[in-house]
1. Which far-off residues, 5 or more places away or on another chain, put their amide H under 5 Å from the one on C:Val29, with H placed in the peptide plane?
2. Of A:Arg115, C:Arg184, C:Arg149, which has the most accessible area with a 1.4 Å probe, and how do the rest follow in descending order?
3. With a 1.4 Å probe and every protein chain left in place, work out the accessible area per residue of region A:128-232 in Å², rounded to a whole number.
4. Could you sort the residues of region B:144-187 by number and keep only those whose accessible area is reduced by 40 Å² or more in the all-protein-chain setting relative to the chain alone, 1.4 Å probe?
5. Explain nothing, just compute: Karplus ³J(HN,Hα) = 6.51 cos²θ - 1.76 cosθ + 1.60, θ = phi - 60°, for every residue of region C:19-36 in order, whole Hz, x for Gly and Pro.
6. At a cut-off of 30 Å², which residues of region C:61-81 become less accessible once all protein chains are present than in their chain alone, using a 1.4 Å probe?
7. Over 5 Å intervals from 0, what percent of Cα-Cα pairs in chain C sits in each interval?
8. Check A:Gln16: other-chain or 5+ apart residues with amide H under 5 Å from its amide H, H built from backbone geometry?
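The values are calculated or read from the model by the stated rules, or taken from the named source; none is laboratory data. Quantities reported herein were computed from a predicted structural model and do not represent experimental measurements. Ideal geometry is used to build each Cβ from the backbone, glycine not excepted, and the neighbour counts take in all protein chains shown. Note: areas computed on protein heavy atoms with side chains; ligands, DNA, RNA excluded. Shrake-Rupley method; radii C 1.70, N 1.55, O 1.52, S 1.80 Å.
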Amino acid sequence: MIDLIDTYWLYFLVGQYPHGPLGGLALTLILAVLGLLFAFPLGLVFGIARVSPWRCVRWPVSALIQVVRGTPLLMVIFWAYFFLPSLTGQNTDQFWTMLTALVVFDAAYLAEIIRAGIQGIGKGQTESARSLGFSYLDAMRLVILPQVVRNMLPSLVNQFVATIKETSLGYIIGLTEVSFIATQINTQVLTKPAEVYLLLGLTYFILCFGLSRFAFWLERHHQQRTLAKAHA
Amino acid sequence: MTPLFDLDLLLTGTYHDWLVAGLITSLSLTGISLALALPLAILIALIRLSPVKVLQWSGFAFVEAIRNVPLLAHMLFWYFGAPELLPTALREWLYARNIEATSAIIALTLYTAAYMSEDVRSGIRSIPGQQFEAARALGFSFVASMRLVVLPQALRVTIPPLISQTLNLWKDTSIATVIGVAELMYQAAKVESASFRSFEAFAFASACYLGMSLLITGAAGWYQGRFPVRAA
Amino acid sequence: MIKIERVNKWYGSYHALVDITEDVAKGEVVVVCGPSGSGKSTLIRTLNRLEPIQSGRIVVDGVDAYGRHVKLNAFRSRIGFVFQQFNLFPHISVLENCTLAPTRLRGLKPSEARDEALTLLDRVGLAAKARAYPGELSGGQQQRVAIARALAMRPPLMLFDEPTSALDPEMVGEVLLVMRDLARDGMTMVCVTHEMGFARDVADRVLFMDQGKVLERAVPSEFFARPEHPRLRQFLSDIRTPFLQAA
Ligand SMILES: Nc1ncnc2c1ncn2[C@@H]1O[C@H](COP(=O)(O)OP(=O)(O)O)[C@@H](O)[C@H]1O
Ligand SMILES: [Mg+2]
């Protein structure tokens, strides 16, 4: 196992970079970060639309979210892979294909987190903001959303973990993220598949477990702070 | 001249047969994995709730080790890695049979069980400790108290999240494509490459995934309406 | 200041407000009381259109509240509303709670809004807490901030929906004191409250509601000394023996 790591660690971490495109664990992380970063504003808009008092906004967005949540990510990736080029009129490489699929998929899940967050803020907050004369959108922007975003920090970290795991599906369209690289290493070594894939699993585990513990800590910390304030 | 959307291709002929076979495989994967995962999940939940520290800890380690690694990496490990660890005779025996489906089912079962065990555990914990104490005070053993008093109550809290895990399982079967299980996604890709009718093939697969997802979501809604959680 | 004409409201098939007609003059203080579920909150919430009505007319400060062309947000910004549950914004400081609406809706400069807010906070006795967050205050303090926040919009009219009901008994006094102070300064006020001492000393008129109807209206001395409606007599004797009610 040691010589495996010794020979392939750099390939595992960054792919062929700098002699070729960036790949490996670095690509996995970049995809996850960008995916969540772009998905967040979209999820915010969708989440607000989900609780909108106007049906013509609420219904189409709810339907879209239902469809995405009822579809496997792999399916979304396939659609992006086969139809993004005809939509944009140019060849889309694997990176952008995967990023697009991730953003659409994550936005639907974030929207549900945000919807739950908005509904978790008591009705009294909206009512008192409206009573002061704020419009619906101002009440959302100035009073409700700042609270929602603060409360959802742990959920965001958990969604980041989910996104890291989701990037592994880039494998199927030949994206050189870390699972794909592991398979490349496996075909080169040929004799140690169990070790290669255990190392892959271990890598994901360290990353994701660390982050989920962080989310757990955030949640506890947040709860304690709210409790302390309530008792003050 | 070929039509814009060739419905006939989906309704009759070889391609139709391929796709339907894929759908049946996906449903079987879901059914078998669910049947195996449920008892395993309950077992893990009980282990995590047992008074023995070592058991608690190993349950925790199992759940976290599985949840923090993408399903794709699990599949790759069970398909490429694990057989190598087996004695040669057993391995040959396995390879002569359906090793793809077997690895997929193992991965899906473990992955689903890890998530489900968390739902079962929080379901059990939602039942106040006095219920358990009251049962013990009447003379029931630990196991009998769980089986007769705590579990029936916990079921109502637990079934809805378990149904939503089943939805995840259904969508996750698509990942078995990666190791060559001839399920729905795999067959859709096969039809695509044989006929170049990518739109029809993926539309069929998407419709199947979505339809089944809606059924499962509907079941969750029905259950919550039929068996609301009652407080004493 | 307020004209309520034949207002009816239903929640589904439940008739929550039955043919209400009332007037409140400028500078008048009106207390509304009545048993729980009688429609007091519903009534006061229709005055700034937090609840829709099905028929009738409400005119506040010359504006037809349910008129088709009313600018709802501007209309509401001229009516102070104080809730039972305070509803301060927990993510910003006490001072920011009081400057948020004035800077955004009255177009005040931050420094002006700050000075005004500090004056108001001083008036409710909480200038020292300007930098604190709502979660760090007691219930009575929070409610006083909520009053200051509403006053910061300089409304000619204040509505109170059971402002002291969610408070521990020892904090009721400090909030009532602020309200008395407002009344003395000539503010037009409609207060839903069960504080009969406040009603007796401060109100110009007391209304008694039951089952969506206003059953009795009188100046406080009449209201308490010669209650006419049997249900009002029952109600008054109930709240004078609170432990019976609690049992
Ligand atoms: N949103 C609502 N939907 C249905 N019924 C309601 C709603 N709000 C209040 N009600 C009903 O209307 C009646 C009056 O309520 P409310 O005005 O809150 O009473 P009060 O403030 O006098 O205690 C009650 O019977 C209550 O159950
Ligand atoms: Mg009320």
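1. Under 5 Å from the amide H of C:Val29: C:Met189, C:Asp204, C:Arg205.
2. Numbers: A:Arg115 55, C:Arg184 175, C:Arg149 10 Å².
Of A:Arg115, C:Arg184, C:Arg149, the descending order of accessible area is C:Arg184, A:Arg115, C:Arg149.
3. Values: 4550 Å² over 105 residues.
Here the per-residue accessible area is 43 Å².
4. By number: B:Lys171, B:Val178, B:Met185.
5. Couplings: 6, 7, 9, 8, 10, 10, 7, 4, x, 7, 10, 10, 9, 10, 10, x, x, 4 Hz.
6. Checking the loss per residue gives C:Asn73, C:Arg76.
7. Answer for chain C: a P(r) of 1, 6, 13, 17, 19, 17, 13, 8, 4, 1, 0, 0 percent.
8. Those lying under 5 Å, H to H, from A:Gln16 are A:Gly23.
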